[in-house]
Amino acid sequence: MSFAVRVTQIPLEDRILLMGPPGIGKTEVVRQKAEREAEALGRRFVDLREDVPGDLFQNPEKYYVFIRIVAPHVFPEDLGVPKHAEGYAEFLPPKALKALTLKGIAGVFFIDELTNVQRDDQIAMYYSLILEKEAGWMLRLAEGVKVVAAGNPPEWSEVTRPLPKPLRNRLAVINVAPPTVEEWIAYMRRRYGDEWERLTALYLATYPQDILKAPEDDFSAFPTPRSWTNTALLLHRHRDAPWELKEALAVGNLGGEVGVKFAALLKTKINAKEVLRKLEADPKLFDKLDVSKKLLVLDAVAQQPADRLAGPLKGFLAHLAEAHREMLVLLALLMDKEKRLALVKRLPDVFMKVSDEISRYP
């Protein structure tokens, strides 16, 4: 995708359209940036789909609201319910939509899958919401509410429909690429702690091109950052399941080509205890292992206590710093922050070689 920025680099600005493949984290990043903006403004962040505080309508200046809607699922008739009042009709909006109109409120109205809308009346509704920030007769979004939209280009959605030229001309259309593998790993550590299968990270560090691939046909699954997240969570949840189920989960989320290749890593077996003992005596034995076994060794090393890493395995870490720099970075990212900081402090000569790479991630 030409002139694309990574999804982690997108700005949180009013009237932008994020165009990119499904499952690369557009929604997640927009929400994260909204949360950070709320913090910077000293306001309480509220997802209107989860909670509408009792005093929000009385004290809107205290809040930063966020709501995501899936564009094809919302219709003009959803914007208000008619009510008879003294010889005329007025329309009562949904509570969440009304919150976006309050004077003094700030927030983000995120319209997802805009390019998948099929009905003309829906397109007209979103045209008004984005261009004029108006809906129906009476509703107008507050000045402090940013409208952010997202969509898929035709090569990534069979139902994509071109948006009207005047609408595109009022939007900043930003082509979005997936996060790097390192960014995905940092997100998984931050969001899920140790409750995910770390072999997904080791695999992606070795085959980064597999983080996103177009589907092989019209029915199979395909790898995206979202499907890798699902795979990592499901495999951790079913870590004691039979091999056949693990393979089915991998292929069912990642598709045939990538899923089978990743499943082969899951099937590889090593005696981690014995291998680590040998690496303590001769770190260069690591160089003779095949790729799958190297990844399993890294997974085992990442689980060792800091005292062993800074003691008997110190020579192995030093060897990684000299001969396998990218694997030392990955190893550090797989550890929890407390252990990583302890090792950087205790082994400065080893980790100084990769300090720039490690410092970029929480």
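Within the group A306, A263, A321, which residue is at pLDDT 90 or above, within 24 Å of the chain's Cα centre (by Cα) and buried (at least 16 other Cβ atoms within 10 Å of the Cβ)? Result: A263 is the single residue among A306, A263, A321 that is at pLDDT 90 or above, within 24 Å of the chain's Cα centre (by Cα) and buried (at least 16 other Cβ atoms within 10 Å of the Cβ). Kindly indicate whether T224 is open to solvent by less than 70 Å² (accessible area, probe 1.4 Å), closer than 21 Å to P179 by Cα and in contact with a helix residue (DSSP H, G or I) (Cβ under 7 Å, 6 or more places away or on another chain). In short, no. Could you check how many residues of the stretch 2-49 are open to solvent by 60 Å² or more (accessible area, probe 1.4 Å) and aromatic (F, W, Y)? Here the count works out to 1. Scanning the stretch 144-162 for residues being aromatic (F, W, Y) and either closer than 30 Å to R43 by Cα or free of Cβ contacts under 8 Å to residues at least 40 places away in the same chain (or both) gives a total of 0. Restricting to the stretch 18-48, count the residues that are touching a helix residue (DSSP H, G or I) at 6+ places or on another chain (Cβ under 7 Å), over 26 Å from I185 (Cβ atoms) and either at pLDDT 95 or above or assigned to a strand (DSSP E or B) (or both). Residues flagged as touching a helix residue (DSSP H, G or I) at 6+ places or on another chain (Cβ under 7 Å), over 26 Å from I185 (Cβ atoms) and either at pLDDT 95 or above or assigned to a strand (DSSP E or B) (or both) within the stretch 18-48 amount to 2.
When only residues in the stretch 90-136 that are touching a strand residue (DSSP E or B) at 6+ places or on another chain (Cβ under 7 Å), on the phi < 0 side of the Ramachandran plot and open to solvent by 60 Å² or more (accessible area, probe 1.4 Å) count, which is modelled with the highest pLDDT? Ranking the candidates gives E134 first. Of the helices (runs of 4 or more DSSP H) lying entirely inside the stretch 146-252, those containing at least 3 residues that are over 16 Å from the mean Cα position of the chain (by Cα) and of a type in the set (A, V, I, L, M) are 199-206. The single residue among V297, V344 that is more than 28 Å from F262 (Cα to Cα) and over 25 Å from the mean Cα position of the chain (by Cα) turns out to be V344. Looking only at residues of the stretch 244-258 that are among the acidic types (D, E) and over 12 Å from A214 (Cα atoms), we find that the one that is most open to solvent (accessible area, probe 1.4 Å) is E244. Scoring Q58 on the criteria (1) assigned to a loop (DSSP other than H, G, I, E, B); (2) surrounded by 14 or more Cβ atoms within 10 Å (Cβ to Cβ) leaves a single failure, condition (2).
Pairs are defined by a Cβ separation below 7 Å, a sequence spacing of at least 6 or placement on different chains, a first member in the stretch 197-220 that is open to solvent by 10 Å² or more (accessible area, probe 1.4 Å), and a second member that is of a type in the set (A, V, I, L, M) and assigned to a loop (DSSP other than H, G, I, E, B); the pairs so defined are L212/I24.
The values are calculated or read from the model by the stated rules, or taken from the named source; none is laboratory data. Here the structure is a predicted model, which means the values were calculated and not measured. All Cβ positions, even for glycine, are placed from backbone atoms using ideal geometry, and neighbour counts span all protein chains on display. Surface accessibility is based on the protein's heavy atoms, side chains included, excluding ligands, DNA and RNA. Shrake-Rupley method; radii C 1.70, N 1.55, O 1.52, S 1.80 Å.
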